[in-house]
1. Restricting attention to region 216-265, and to residues there that are more than 25 Å from GLU173 (Cα to Cα) and at pLDDT 95 or above, which single residue is nearest to the chain's Cα centre (by Cα)?
2. Which residue is nearest to GLU28 (Cα to Cα), if the candidates are limited to region 321-334 and must be surrounded by fewer than 19 Cβ atoms within 10 Å (Cβ to Cβ) and touching a strand residue (DSSP E or B) at 6+ places or on another chain (Cβ under 6 Å)?
3. Please pick out the residue among VAL112, VAL145, VAL137, VAL160 that is in contact with a Pro (Cβ under 7 Å, 6 or more places away or on another chain) and either assigned by TED's automatic domain parsing to the domain that holds GLY321 or surrounded by fewer than 24 Cβ atoms within 10 Å (Cβ to Cβ) (or both).
4. Determine which member of the set THR286, THR295, THR251, THR261 is surrounded by fewer than 19 Cβ atoms within 10 Å (Cβ to Cβ), within 30 Å of VAL4 (Cα to Cα) and of a type in the set (Ser, Thr, Tyr).
5. Report, ordered by the first and then the second residue, all pairs with beta carbons closer than 6 Å, sequence separation of six or more or different chains, a first member in region 187-198 that is farther than 14 Å from LYS369 by Cα, and a second member that is among the aromatic types (Phe, Trp, Tyr) and surrounded by fewer than 24 Cβ atoms within 10 Å (Cβ to Cβ).
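The values are calculated or read from the model by the stated rules, or taken from the named source; none is laboratory data. Here the structure is a predicted model, which means the values were calculated and not measured. Methodologically, a virtual Cβ is constructed for each residue, glycine included, from the backbone with ideal geometry; neighbour enumeration extends over all protein chains shown.
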Amino acid sequence: MKKVAILANGGDVAGFNAVIRAIVKTAENKGIECYGIIDGYNGLLKNDYKLLSTDAHGDAVGILPKGGSIIGSSTNANVFNYKVKHEDGTVEFKDLSDVCVQNVKNAGFDCVFTLGGDGTQKSARDLSLKGINVIGVPKTIDNDVACTEITFGYNTAVSVAANAIDRLHSTGETHHRIMVLEVMGRYAGWIALESAIAGGADVALIPEIPYDINRVAEKINNRRKRGKNFSIVVVAEGAAPKDGKLTIIGTRNNGSGVDNTRLGGVGQVVAKQLEEITGLEARNTTLGYMQRGGTPTAFDRVLSTKYGVKAMELALEGKFGTLAVMKNGKVDSVSLEDVVGRNTEIGACSGNTAESNIRKVSMDHDLVKTARDIGINLGD
């Protein structure tokens, strides 16, 4: 092994650079050149990459605490169904994966590391079936990648959300209001549930449990009877009412193979309903991209470094087509086939579909039991 490349894909998270640094440093210690593909799968398609090093003036110096990705990232770039805009304004979708395969071969990359979530690893698996040596590293603040206990970037997002809850407490208590916090997570409730526990919230509404707004209002009214004239409600962006639908901002047109649904707005809906039912003033705060950016926590720096080192070790051992994961608190690996699950069609959609294998909160998870035991209402 002489030459490897790193590809960061999907939404940015804290920890991207820590993984990149760990891969580069481990590669350098083995005499292997390491390159960064610019802007994810877009860069792979455009054959755009640069050498990374930890030399005095190298690009991978001083990046451990830095948020974002020094090699950029792409969202909604499915090279198996790529959106091509023509000069006349028309749009068509093409399978350009063979161009990516040829670019990797021409560059002489012995392995491509794919840092990303469910969609990223789906494309990585599909490229591996075309003969490219790939090794994945699980990235997403949503914590929903299958077969691993935790993804890098998640801990930082939870910490940001918990800090926001701390701040909302003082405003809610001062003005006797219901303070609603809408957090990210897509179709999984990990951020909402863990930040609610960490921040001492009274209600946590997650996608895995369709909520009854009247049960939530009952919780708030019971608190008021006990002299507590404010409440904190955490709502995951993918939460939905019983017999209801997801609240969405809109739908993108990026073709099949990516999730085109733009979630958002459920926090405002919940705040309005609770205000009408309880008579208390309610205010919604949508945390948004604050959860993604900035300095990674110490936990995420260590986790990201572990993942980067493990990924390079897997490459040196020739264990391609795998994903570095955490199992029982230890770094391990699984086949990308296991991660993708039943989604066997090349270039097919990943995400919240019957064929996907995203990791959601199970009802027997200790976070659910903990929340219930300390009195957090889950909307059911």
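1. GLY238
2. ASP332
3. Going through VAL112, VAL145, VAL137, VAL160 in turn, the sole match is VAL145.
4. After applying the criteria, what remains is THR295.
5. Going by the 6 Å Cβ cut-off, there are no qualifying pairs.
Results for (1) under 22 Å from ASN78 (Cα atoms); (2) crowded, with 21+ Cβ neighbours inside 10 Å; (3) not acidic (Asp, Glu), shown as yes or no for each residue.
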site: CYS100; (1), (2), (3): yes, yes, yes
site: GLY119; (1), (2), (3): yes, yes, yes
site: LEU129; (1), (2), (3): yes, no, yes
site: THR151; (1), (2), (3): yes, yes, yes
site: VAL180; (1), (2), (3): no, yes, yes
site: SER195; (1), (2), (3): no, yes, yes
site: PRO207; (1), (2), (3): no, yes, yes
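Table: residues versus (1) modelled with pLDDT of 95 or more; (2) surrounded by 17 or more Cβ atoms within 10 Å (Cβ to Cβ); (3) under 30 Å from LYS272 (Cβ atoms).
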position	(1), (2), (3)
ALA315	yes, yes, no
VAL339	no, yes, no
ALA348	no, yes, no
ASP364	yes, no, no
GLY375	yes, no, yes
